[in-house]
Each structure stands twice: as structure tokens, then as C-alpha cells.
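Peer 1: If you scroll down you'll find the structure; I have some questions about it.
The values are calculated or read from the model by the stated rules, or taken from the named source; none is laboratory data. Since the structure is predicted, the reported quantities are computational estimates derived from the model, not experimental observations. Note that we place each Cβ from the backbone using ideal geometry, even for glycine, and neighbour counts take in every protein chain shown.
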């Protein structure tokens, strides 16, 4: 049991939750490239490279129509993948790729819109291939993207997903994200169906203030 978790169990309610969320946040991203083991699978993590276009297309085209609904852009098309690579080259996005057997099986992106008045905000985007789900790859990618965003000096972090993406919502809640807004009928799928969009956020300054307050409160009983 980690030190923060042990300390957190001395508190009740929201204090305990804040402690556990803080423990789930890595202090710094892994030095990439790196290998991690998830069950019986060894996964390589590295940053996106300019020549990854074909591999990204192959990854996207293996996704189901239901998965494609959750993508902000249609990366089954070369044009949209080229836009992604261009934004990475311009420093607007930082993408971590997960590879298994030399195939992309997931990614996490930290995105900035490039505007001056939102320069303190980063959006986190994550997708995992169906065959790698249930191995906590999504959780690991969320945590690494979070660490990258903090390293970039982000003071507010955002995540957007449809309300159907329960595992993604749980992964973001684990590190302190909370629902901020729900936009009804904001997302349209390929068949024309409408879906609600869940916007989650984490204010870094406010979260750290809550953590400091929780840590400073006396425990209910002595160690």
C-alpha cells in the first residue's frame, strides 16, 4: 500500500478520495521509449513519429463502427491522419503510442488549441484497441498523458467522451477528473444517431489545494 493511500485511509469521505486520486497521478511521465507488462502482454510505449501515418491508419481501420464514434476526427482517412501528424510537428499535440507485436494498439494525446487565452488548458484523448481492453492499458495511457500535461505546465485539464464510455469515465475519475458539463445530442454517429457528450475536467491548482487541506487535517485516530 502506498504512503498516500495509507495516509488517506485515516480520513473519511472526500479526503480519502482525494488522497487516492493523488496517489494514482504519476509524478512524471515515463522516459520513453519504454516497455511495460500488462498481464501476459509486453507493450512498447513511445512518442508519435512523423512516419507513423500508415500504422495509425491501420489501427483506426481495425476499430469497430462503435469505436469510431468516440473519435474526434475520422482517422480512417489519410487526410485526417496527416492533420494529426502536422499538429504534432507544430507542437499542438503530444501523442504517446502503445504497440504490441509491432502494431499500434492504443494512444493517448495531450492537445492544446494553440490559443493564447487557453494556453493553460490541455485536453486528454485516449483510445485502446479492442484486443487490449481489460488489461488496464487505457488507465496507463491516461496516467501518462496526465503526467505529460502537468509537465507542460497545464493548470486545467479536459476530457470529452460520450456517456457510453463508462470505462474511460472511470479512468479519468480515478485521477481526479470530475464531470463539468453534459451536452445533449452533441455527437452524431455515422448512422445519424445522436449521443450525449460528457465533458470532464480537473483544475490542477484547486486539486492541489484540496490535497494540501486534506493532508493538514488531523487524523481521526493516531497511527
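Peer 1: Looking only at region 139-173, which residues are in contact with a helix residue (DSSP H, G or I) (Cβ under 8 Å, 6 or more places away or on another chain), farther than 25 Å from residue 194 by Cβ and assigned to a helix (DSSP H, G or I)?
Peer 2: Hits for region 139-173 are 139, 142, 150.
Peer 1: Now for a separate question. Of all residues in region 174-194, how many are at pLDDT below 90, surrounded by 11 or more Cβ atoms within 10 Å (Cβ to Cβ) and more than 17 Å from residue 23 (Cβ to Cβ)?
Peer 2: 3
Peer 1: Residue under question is residue 29, and the condition is that it be under 22 Å from residue 144 (Cα atoms), surrounded by fewer than 12 Cβ atoms within 10 Å (Cβ to Cβ) and touching a helix residue (DSSP H, G or I) at 6+ places or on another chain (Cβ under 8 Å); does it hold?
Peer 2: Criteria not met by residue 29.
Peer 1: Of everything in region 32-84, what is surrounded by fewer than 17 Cβ atoms within 10 Å (Cβ to Cβ), in contact (Cβ under 8 Å) with a residue 60 or more places away in the chain and assigned to a loop (DSSP other than H, G, I, E, B)? Give them in sequence order.
Peer 2: Correct list: 32, 39, 62, 64, 72.
Peer 1: Take residue 28 and decide whether it is under 19 Å from the mean Cα position of the chain (by Cα), at pLDDT 70 or above and either over 22 Å from residue 133 (Cβ atoms) or outside any helix (DSSP H, G or I) (or both).
Peer 2: So residue 28 passes the test.
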